[in-house]
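Structure first, commentary second.
Each value in this text was obtained by applying a stated rule to the coordinates, not by laboratory testing. Since the structure is predicted, the reported quantities are computational estimates derived from the model, not experimental observations.
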Amino acid sequence: MALFLAIPLLLALTDYSLRSPMHFQQVQETLARPLAKLVLFVIIAGLCYHLIAGVRHLIMDFNIGENLTAARTSSRLAIGMSIILSVIVGWGVLM
């Protein structure tokens, strides 16, 4: 749900930044603030988890890892991988 609500925000920021160089500068200044960086990191983390969990479910569609033990292991692996991916992408984008 949070990703669904973040899409209009990201589209509005993109639209506003493309209007003129001055608007682009204003968006850059806004996104340089710590609260904006935190919001962007949360959105990035949600997208990373969504990506990894989607791949996990695609693998499970091929009847791989559908028993309870394998499903629990793959869910923990998905959470761990999404944390690592979120940190890597967040560091690259926000720093």
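Relative to the longest principal axis of the Cα atoms of the chain, the long axis of helix 34-61 lies at roughly 30 degrees.
Helix 21-31 and the longest principal axis of the C-alpha atoms of the chain enclose an angle of approximately 50°.
Average 1/r across all pairs of distinct alpha carbons in the chain, invert it, and you get the Kirkwood radius: 15.2 Å.
State whether segment 43-95 is rounded, prolate or oblate according to the following rule on the C-alpha gyration tensor (a ≥ b ≥ c being the square roots of its eigenvalues): a/c under 1.5 gives rounded; otherwise a/b larger than b/c gives prolate, and the remaining case gives oblate. Write out the running numbers ahead of the final one.
Details: a/c = 3.99, a/b = 2.46, b/c = 1.63.
Prolate is the answer for segment 43-95, as a/c is 1.5 or above and a/b outweighs b/c.
Based on DSSP H runs of at least 4 residues, each adding -39500 (n - 2.57), what is the mean residue ellipticity at 222 nm of the chain after dividing by all its residues, to the nearest 500 deg cm²/dmol?
On the way: 4 runs with 82 residues, N = 95.
Result for the chain, helices only: -30000 deg cm²/dmol.
To the nearest ten degrees, helix 68-94 and the longest principal axis of the Cα atoms of the chain are 20 degrees apart.
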